[in-house]
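Working notes for the structure below.
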Amino acid sequence: MASTRLVYILAIGVFGILNTEMGIIGILPYIAENYQISLSQAGSLLSIFALGVAISGPTMPLLLSKWPRKPLMLLVLAIFTMTSILAAWAPNFETLFVARLVPALLHPVYCAMAFSLAASSVARKEAPKAVAKINMGVAAGMVVGIPISNWLAVHFGLSLAFLFSALVTALVFAMTVLYIPNSLPKETISYGEQLRVLRKPTLWLSIVFVISLNGSIYGVYNYFVEYALAVSALSTNVVSVTLLVYGLMNLVGSGLAGRLLSNQAIRTIQGVLLLIIAIYSSFLVGGSQRWLAIGIVTFWGIIAGISANITQYWITRAAREALNFANGLFLTAANIGVIVGTTLCGLGINQYGIRTIMYGGIALVVVAMVVFTYQRFYERSAYSEAVHEI
């Protein structure tokens, strides 16, 4: 019971962290108007957050791995709350920029702890199910935060959109004080032992796999609004609803992933890789048919939700002895994947048009498949050699 409550509080906390990061997408035009800047300048608030996460992912969770867990969680939540309040009444754009950068550096600290604590709070076989609940918080933060922030900015002003983020993290702060025990497990191995996992070839292969798979998902998703408008000829209102359905299906996929990875991890990964190729191919063949496109998006949302769990599972599987550090590496690899996928698909759009995002997505999944197949072959060979030596 206590472990279940812990996991749910962590999932809500991750929702608050991701809402702070992604909710700003829904209010960028209002930020540009409020501070008299261009939309691209306002967009730098999203880029600086992602860059901060990518940089701090492998460093901050490692450096702070020896700190007591509960005080560290409270520190991160307090800083997120205070910087969101600062953002609500930032006198100028420079202040708002700083209010975005500071929490970005601590984002991987909380998320890495959430994944690690969820996994370690249950039996090893049940760990994927616990982690899936954390990923549901991630998906909800990315999906729910954007329309809520937009609605608050439209009806009550820009400040209320930022204060919503502050309210969520403040509530989680209170729940952490009241319901999370002081005696949470912390990393017991030394910094050197944690860094030694970087010697493992399987970890580096896992990192490339995550970059490729996440790049495939977000390389297509980040340009999908334009694709839906230009190719599928959906109205702006239908696109908004379709993206909301995609996000809700992400939650469904995350829920399914816990059971699938607990029982048939390898087959699940193989199946998902093939299904992503099938989904992008379906867009190429039938993406111009409105209702078919909406149906494909719905199924894509489920598979993308499972994919998010797969990427986290695959890196931590390769470095179980240093979970906190591994989860930090996962966050960095996932963000690099977003950059790689967005850049590759963007170059395709510039050269050949919006339809090419699907080819970019397929290309990155094929890379993920090749890396995954090679890694499995390498692991089997290494295991056979070890047995032979014994």
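The values are calculated or read from the model by the stated rules, or taken from the named source; none is laboratory data. Remember, predicted model here, so these are calculated numbers, not experimental data. Heads up, the Cβs are rebuilt from the backbone with ideal geometry, glycines too, and the neighbour counts pull from every protein chain shown.
Looking at Ala161, Ala123, Ala127, Ala132, just one residue is closer than 30 Å to Trp89 by Cα and either assigned by TED's automatic domain parsing to the domain that holds Gly305 or not basic (Lys, Arg) (or both), and that residue is Ala161. Do the conditions hold for Asn327, that is, is it part of a helix (DSSP H, G or I), under 15 Å from the mean Cα position of the chain (by Cα) and of a type in the set (S, T, N, Q)? Criteria met by Asn327.
Test Ser282 against the criterion of being assigned by TED's automatic domain parsing to the domain that holds Thr316, crowded, with 16+ Cβ neighbours inside 10 Å and without any contact (Cβ under 8 Å) to a residue 40 or more places away in the chain, and give yes or no. Break it down stepwise before answering.
Details: assigned by TED's automatic domain parsing to the domain that holds Thr316: yes; crowded, with 16+ Cβ neighbours inside 10 Å: yes; without any contact (Cβ under 8 Å) to a residue 40 or more places away in the chain: yes.
Yes.
Taking residues in segment 11-27 that are closer than 11 Å to Val168 by Cα, and partners anywhere that are among the polar types (S, T, N, Q) and crowded, with 24+ Cβ neighbours inside 10 Å, the pairs with Cβ atoms closer than 6 Å and at least 6 places apart or on different chains are Gly16/Thr169; Asn19/Ser165; Thr20/Ser165. Tyr246 - would you say it is surrounded by 21 or more Cβ atoms within 10 Å (Cβ to Cβ), under 25 Å from Phe15 (Cβ atoms) and of a type in the set (Ser, Thr, Tyr)? Taking the combined requirement at face value, the residue satisfies it. Here is a check on your reading of the model: is Gly258 under 21 Å from Ser116 (Cβ atoms) and crowded, with 21+ Cβ neighbours inside 10 Å? Yes, satisfied.
Among the residues making up segment 38-96, those that are farther than 25 Å from Ala333 by Cα, crowded, with 21+ Cβ neighbours inside 10 Å and not hydrophobic (A, V, I, L, M, F, W, C) are Thr81, Thr83, Ser84.
Working only within segment 286-307, note down all residues that are within 24 Å of Ser212 (Cα to Cα) and not in a helix (DSSP H, G or I). The one that is within 24 Å of Ser212 (Cα to Cα) and not in a helix (DSSP H, G or I): Gly287. Within segment 66-75, the set of residues being more than 11 Å from Ala170 (Cα to Cα) and in contact with a Phe, Trp or Tyr (Cβ under 7 Å, 6 or more places away or on another chain) comprises Met73 only. Looking across segment 105-127, not a single residue is modelled with pLDDT of 90 or more and over 16 Å from the mean Cα position of the chain (by Cα).
In the set (1) touching a residue at least 12 places away in the same chain (Cβ under 8 Å); (2) in contact with a helix residue (DSSP H, G or I) (Cβ under 9 Å, 6 or more places away or on another chain), the condition left unmet by Ala90 is number (1).
Run down Thr298, Thr342 and say which single residue is surrounded by fewer than 17 Cβ atoms within 10 Å (Cβ to Cβ), touching a helix residue (DSSP H, G or I) at 6+ places or on another chain (Cβ under 6 Å) and β-branched (Val, Ile, Thr). Answer to the selection: Thr298. Does Ile31 satisfy being of a type in the set (A, V, I, L, M), over 22 Å from the mean Cα position of the chain (by Cα) and assigned to a helix (DSSP H, G or I)? Criteria met by Ile31.
Within segment 224-252, residues that are closer than 11 Å to Ile294 by Cα have Cβ atoms under 7 Å from residues that are part of a loop (DSSP other than H, G, I, E, B) and not hydroxyl-bearing (Ser, Thr, Tyr) in these pairs: Ala228/Leu234; Ser232/Gly287; Thr242/Leu234, counting only partners at least 6 apart in sequence or on another chain.
Candidates are the residues of segment 1-28 that are modelled with pLDDT under 80, hydrophobic (A, V, I, L, M, F, W, C) and assigned to a helix (DSSP H, G or I); the one that is nearest to Thr81 (Cα to Cα) is Met22.
Have a look at Ser121, Ser84 and point out the one that is among the polar types (S, T, N, Q) and closer than 30 Å to Thr236 by Cα. Matching residue, one of Ser121, Ser84: Ser84.
For segment 55-64, the criterion of a residue being touching a Lys or Arg at 6+ places or on another chain (Cβ under 9 Å), in contact (Cβ under 8 Å) with a residue 12 or more places away in the chain and in a helix (DSSP H, G or I) is satisfied by no position.
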